[in-house]
Amino acid sequence: MEETIIPVTEQKQYPQTPKHIFILSGQSNMAGRGGVHHHHWDGVVPLDSQPHASIIRLSAKLHWEPAREPLHHDIDVRKACGVGPGMSFANAVKDHLGGGGECLGLVPCAVGGTAIKEWERGQHLYDNMLKRSKESVEKTKGEIKALLWYQGESDTPSYHTAEAYKENMERLIHNVREDLGLPSLPIIQVAIASGDERYMEKVREAQLGIDLPNVICVDAKGLALKEDNLHLTTEAQVKLGHMLADAFLTHFNAPPSQSSPCSAPKTG
């Protein structure tokens, strides 16, 4: 089920800038804890999450580079990162974008242990996500195709935060779209599969109940959890990536067009 990762130096050539861009945000299950045990990642990368020459990521230093697990290693730096849904998602959609074979860019922004209020406009996490999202299209011909959002576990311990979740999430969607100048930006959120049992269902109800244009919810309930009963296993993360890909391709992917080569950065 696994393959050895080909070292970056052995890859023939990576595209310089992406044509199709996806923002990955939320908390730890988006950042990825698959394969993390006792604060260390086991290094196992499933076949569906292997790197590919057409998939790149925006680093913490705002440089495009080859994408590989763990995608959030320099973003969610307070905890060990492992396999998340991003790479299996990217591998599943890459051949269906445009004419196929075009550059796909991932912009990791997720940070573990964060509540929805920490993603309000003006807060560091929100502002950094916005900065990274804008940078991803700066001096490129790329287009942000969707925001993939997996967050909510940190809002389950309190009735107040669970009760306010729907309003806060809807505000986040509005703010991101407004600040990026993309009023119809597709949002694919994940309904949580874990958290404090007292109010987990209330947060899930809020997530599943959001009824806004171009907002889709993928339900993670039932996916396998690690022994901590909070984070998805590596296998579950791979499956979630496919679920997110199916949602995007079903609801948001435009018909194929003429493929064009990967573009170099603009100058001047």
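The values are calculated or read from the model by the stated rules, or taken from the named source; none is laboratory data. All of these numbers come straight from a predicted model, not from anything done at the bench. No Cβ is skipped: glycine too gets one built from the backbone with ideal geometry, and neighbour counts run over all protein chains shown. To get the accessible areas, we keep the full protein, side chains included, count just its heavy atoms, and leave off ligands, DNA and RNA. Shrake-Rupley method; radii C 1.70, N 1.55, O 1.52, S 1.80 Å.
Values as computed for the structure displayed
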item: Rg and Dmax of the chain, Cα atoms only, in Å; result: 17.4, 56
item: Centroid-to-centroid separation of the stretch 82-109 and the stretch 114-156 [C-alpha atoms, Å]; result: 17
item: Charge context of Phe89, other residues only, Cβ under 10 angstrom, K/R +1, D/E -1; result: -1
item: Dipole in debye (nearest 20) - the stretch 33-113, about Cα centre, beta carbon charges: Lys, Arg +1; Asp, Glu -1; result: 240
item: Formal net charge of residues neighbouring His72 (Cβ-Cβ distance under 15 Å; K, R +1; D, E -1); result: +3
item: For the chain: accessible area per residue (Å², 1.4 Å); result: 46
item: Mean ellipticity per residue at 222 nm, deg cm²/dmol - from DSSP H runs of n ≥ 4 across the chain, formula -39500 (n - 2.57); result: -9000 deg cm²/dmol
item: Sites Phe252 and Arg121 - FRET efficiency at Förster radius 30 Å, r taken between beta-carbons, to 0.05; result: 0.80
item: Top positive-direction residue, dipole computed over the chain with Cβ charges, set Thr161, His231, Gly142; result: Gly142
item: The chain - percent relative contact order, Cα under 8 Å, separation 6 or more; result: 26
item: Among Leu125, Gly112, His37 the positive-end extreme of the charge dipole of the stretch 18-251 (Cβ point charges); result: Leu125
item: Distance violations [Cα-Cα > 30 Å] among Lys166/Lys226; Lys79/Lys139; Lys79/Lys134; Lys131/Lys226; Lys79/Lys117; result: Lys79/Lys139; Lys131/Lys226
item: Neighbourhood charge, 12 Å Cβ-Cβ cut-off, centred on Met129 and excluding it, Lys, Arg +1 and Asp, Glu -1; result: -1
item: Ranked order, Val190, Val44 - accessible area, probe 1.4 Å, largest first; result: Val44, Val190
item: Partners for Lys145 among aspartates and glutamates (Cα-Cα distance below 20 Å; same-chain residues under 8 apart left out); result: Glu65, Asp95, Glu102, Asp127, Glu135, Glu170, Glu178, Asp179, Asp211, Asp246
item: Dipole magnitude of the stretch 68-221 about its Cα centre (Cβ charges: Lys, Arg +1; Asp, Glu -1), debye to nearest 20; result: 340
item: The chain: antiparallel DSSP beta bridges as a percent of all, rounded to 5; result: 25
item: Relative packing of 79-91, 191-203, which averages over residues the other C-beta atoms within 10 Å, highest first; result: 79-91, 191-203
item: Leading residue at positive end of dipole, the chain (Cβ point charges), from Leu58, Ala191, Gly209; result: Leu58
item: Fully extended contour minus Cα-Cα distance, from Asp211 to Ala224, at 0.36 nm per residue; result: 1.9 nm
item: The chain: most fluctuating residue of Lys94, Lys166, Lys221 per GNM, C-alpha cutoff 10 Å; result: Lys221
item: Charge dipole magnitude, Cβ of K and R +1, D and E -1 - the chain, Cα centre, debye nearest 20; result: 780
item: Accessible surface of the stretch 127-178 [probe 1.4 Å, protein heavy atoms]: carbon and sulfur percent; result: 46
